[in-house]
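The values are calculated or read from the model by the stated rules, or taken from the named source; none is laboratory data. This one's a predicted model, so the numbers in the text were calculated from it and none came from an experiment. Here Cβ is always computed from backbone atoms with ideal geometry, including for glycine, and neighbour counts include all displayed protein chains. Keep in mind that these areas ignore ligands, DNA and RNA; they rest on the heavy atoms of the full protein, side chains included. Shrake-Rupley method; radii C 1.70, N 1.55, O 1.52, S 1.80 Å.
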Amino acid sequence: MTTELKNDTLIRALLRQPVDRTPVWIMRQAGRYLPEYLKIRTEAGSFMNLCQTPELACEVTMQPLRRFKLDAAILFSDILTIPDVMGMNLYFEEGKGPKFANPITSSSDIHKLPRPDVGESLAYVMDAVSMVRRELDGKVPLIGFSGSPWTLFTYMIEGGSSKTFSKSKKLIYQEPALAHMLLAKLADTVTDYLNLQIESGAQIIQIFDTWGGVLCARAFKEFSLRYLTRIVSGLKRENEGRRVPTILFCKACNTQLEALADTGCDALGVDWTISLREARERVGSRVALQGNLDPAVLLADPETIHREVNHTLTSFGKAQGHVFNLGHGITPDVKPEHLGALINSVWELSPAFH
Ligand code: CP3
């Protein structure tokens, strides 16, 4: 496996070093908006089978790179592989999102959850990482990822997706010690999992805290931020003689940007509800920023996309430390040509900002 990296624009931007254009990658760049993904997904039979077969996960990771001039690959997997190997047995019901065959129904179920040996139970993820690195052959860096302890906790306690987060919130308010026990176990597991991904070849790490924004400011600090900080300080920061940048993406957490910038991460992913100008003013030169086009812009025509890309670049302004991305994942109803238009616009317009 080569350790040479032909395009290190993304790593440089994440470390706030000079670049000649703004790098771009897209959250959920491999997925259901691509017909070639849907084909493999059907052949694989289930989403889990796709994740658990390294050859298929590798193929799906590479698909968007064949179509678009992206500055990174992101490993094809899911954040819920961790609860799966803690014994909850994940499955996806068509149109209903994630579910668990062994849901949590009592406090004693929480006590019984093990700290899994992810080197063993998630070896298929590490195999996919090594395979993608070989396939990439140093073309662009590979991003590894995990969910945050709080976000994993919500899926585990709710038994799937939720609109109200009632069970998770009741637990943190009524039984904080029990909640902390599980969150600490998740934080240690996530740290092991990410360090193994780095050792297997992941060159950048992103942590998704998709549901941090449902907590009040005080609870966010106690039940999410504390564990994000613990993970960031436990991560291996260098591999193959290169810094491994860490990105924290906390959706709907814009009131917490300063605190997030103090976790020791290299970059913050921001959603579309804040202007990059304001975000930059608030975090200063501590971290790079990634984002933050509204994913719905991709439903509009290419001229509109071009105009909105220009707004996003202008909002960040002429400075170091911007990574172009959406403010959340691309949705399945987007036409692939529209994503192509976005990426071409970033390549065309961004050199003027450097
Ligand atoms: O970004 C990428 O291209 C890498 C792959 C990736 C997936 N999930 C593939 C996936 C990543 C980084 C994730 C992260 C993830 N998974 C998050 C955090 C990011 C975010 O979007 O907030 C969350 C909350 C999950 C949990 C999850 N996985 C849900 C809620 C669902 C169901 C989504 C739905 O709309 O049905 C999934 C399944 C999933 N993960 C799909 C993909 C491509 C679709 C499943 C399918 O093909 O049937």
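Structure notes:
- Relative contact order, percent, the chain [alpha-carbon distance under 8 Å, six or more residues apart]: 22 percent
- Net charge dipole size for the range 9-63 [Lys, Arg +1 and Asp, Glu -1 on Cβ; Debye, nearest 20]: 320 debye
- Counting only Cα atoms, the size of the range 9-353 along its three principal axes is 58, 46, 42 Å, in decreasing order.
- Shown for the chain: the carbon plus sulfur share of the solvent-accessible area, taken with all protein chains present and a 1.4 angstrom probe, equals 50%.
- Applying a length cut-off of 27 Å (Cα extent along the axis) and a mean Kyte-Doolittle floor of 0.0 to the DSSP H helices of the chain leaves 176-200.
- Derived scalar couplings ³J(HN,Hα) [the range 84-101; Karplus, 6.51 cos²θ - 1.76 cosθ + 1.60; whole Hz; x for Gly, Pro]: 4, 7, 7, x, 7, 6, 7, 8, 10, 8, 3, x, 10, x, x, 9, 10, 5
- Cα gyration tensor category, rounded, prolate or oblate, for the range 274-336 with a/c compared to 1.5: prolate
- Theoretical gain in end-to-end length, R115 to R66 [0.36 nm per residue, Cα-Cα removed]: 13.8 nm
- Looking at the range 214-299, none of the trypsin sites (Lys or Arg not before Pro) sits in a DSSP loop with at most 10 other Cβ atoms within 10 Å of its own Cβ.
- Residue pairs, from the table K39/K169; K236/K318; K112/K169, whose Cα atoms sit over 28 Å apart: K39/K169; K236/K318
- With all protein chains modelled, accessible area of S46 [1.4 Å, Å²]: 50 Å²
- Charge dipole of the range 9-353 about the Cα centre (unit charges at C-beta), most positive-ward option of S345, M88, F165: F165
- Summed over qualifying helices (DSSP H, 4 residues or more, each -39500 (n - 2.57)) and divided by its residue number, the chain shows a 222 nm mean residue ellipticity of -13000 deg cm²/dmol.
- Taking amide H atoms as placed 1.01 Å from N in the peptide plane, the amide H of I74 lies under 5 Å from those of I143, each 5 or more residues away in sequence or on another chain.
- Label point distance in nm, S233-T164, each placed 7 Å from Cα along Cα→Cβ: 3.7 nm
- Max mean-square fluctuation residue, GNM over the chain, Cα-Cα springs under 10 Å, options A252, A128, A101: A101
- Alpha-carbon centroid distance for the pair the range 174-232 / the range 122-164, whole angstrom: 13 Å
- Remark on V244: its backbone amide H falls under 5 Å from those of E238, N239, a criterion applied only to residues 5 or more positions apart or on other chains, H modelled at 1.01 Å from N.
- Among the GluC sites (Glu not before Pro) within the range 1-79, those in coil by DSSP and having at most 11 neighbouring Cβ atoms inside 10 Å are E4.
- Using equal-weight Cα scatterers in the Debye expression, the normalised intensity of the range 128-254 in log10 at q = 0.11, 0.13, 0.14, 0.20 Å⁻¹ is -0.41, -0.55, -0.63, -1.06.
- In this structure the chain gives 40 Å² per residue of accessible area when probed at 1.4 Å with all protein chains present.
- Here is the short version for the chain: C51, C58, C216, C265 have no other Cys C-beta closer than 4.7 Å.
- Applying the criteria of a DSSP loop state and at most 11 other Cβ atoms within 10 Å to the trypsin sites (Lys or Arg not before Pro) of the range 25-96 yields K96.
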